[in-house]
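Presented below is the structure to which this report refers.
The values are calculated or read from the model by the stated rules, or taken from the named source; none is laboratory data. A quick note: this is a predicted structure, and the numbers were derived from the prediction, not measured. So basically every Cβ, Gly included, is an ideal-geometry build from the backbone, and we count neighbours across all protein chains shown.
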Amino acid sequence: MPPFPTIDQAYDWYVSTRDGLVSLGSYVWMRETRLNISDKTLDELFGMTEAEWQTYYELNLDKHELFSALSLFAACEGGIRRDFDWRVHGDNGQKHHQRFLNLYEKNGSDERIALARLVDNWLAAEKQNVCLRRQLQELKTLFARRNDLAHSRSGESVSFDVIFEKLNRI
């Protein structure tokens, strides 16, 4: 397994943890006691009716979608930053090496460069590639939404699957 998660690994984590949330229902409905559940969760679930479980499940599913989407964005951003680092430090004929090296040096080398600046530089470098430019613009839009989600500026619900499909396509 690579040291940094990929968006595919974030997807796998999303599915398995969602399955874990679903399986908690077997404790509520069937009083399955063989489940290895934390005392904190057992205290939350103990004595729930089916209606209370549904409310609990829907609330936690919404939280799960949000946290999973943020994890997906983090994995994607990590990939972009690793690519940037490879282009800056590689000098093995990587496309746009000099452009990104200049950005790195202009930024003071040790300071974190905003993701939007990385994408803007990529857009400036790819003037002729219409398809890639369209994908980079979509990436900027998605990450602007990520910022709103991460800073609680968005009241809309999150769909992990939709975000995954868009990032995966890009």
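Among the residues of region 116-138, those that are in contact with a helix residue (DSSP H, G or I) (Cβ under 6 Å, 6 or more places away or on another chain) and closer than 21 Å to LEU72 by Cβ comprise LEU118, VAL119, TRP122, LEU136. Go through (1) crowded, with 16+ Cβ neighbours inside 10 Å; (2) more than 18 Å from PHE4 (Cβ to Cβ); (3) among the β-branched types (Val, Ile, Thr) and name the single condition ILE113 misses. Unmet for ILE113, out of (1) crowded, with 16+ Cβ neighbours inside 10 Å; (2) more than 18 Å from PHE4 (Cβ to Cβ); (3) among the β-branched types (Val, Ile, Thr): (2). When region 95-108 is limited to residues that are touching a helix residue (DSSP H, G or I) at 6+ places or on another chain (Cβ under 9 Å) and part of a loop (DSSP other than H, G, I, E, B), the one that is surrounded by the most Cβ atoms within 10 Å (Cβ to Cβ) turns out to be HIS96.
The C-beta contact set for region 57-72 (first residue farther than 21 Å from LYS166 by Cβ and in contact (Cβ under 8 Å) with a residue 12 or more places away in the chain, second residue buried (at least 17 other Cβ atoms within 10 Å of the Cβ) and of a type outside the set (Phe, Trp, Tyr), distance under 8 angstrom, 6+ apart or interchain) comprises TYR57/LEU24; TYR57/GLY25.
Candidates GLU156, GLU165: the one that is part of a helix (DSSP H, G or I) and not small (Gly, Ala, Ser) is GLU165. In region 79-94, of all residues being surrounded by fewer than 15 Cβ atoms within 10 Å (Cβ to Cβ) and modelled with pLDDT under 80, the one that is nearest to the chain's Cα centre (by Cα) corresponds to GLY90.
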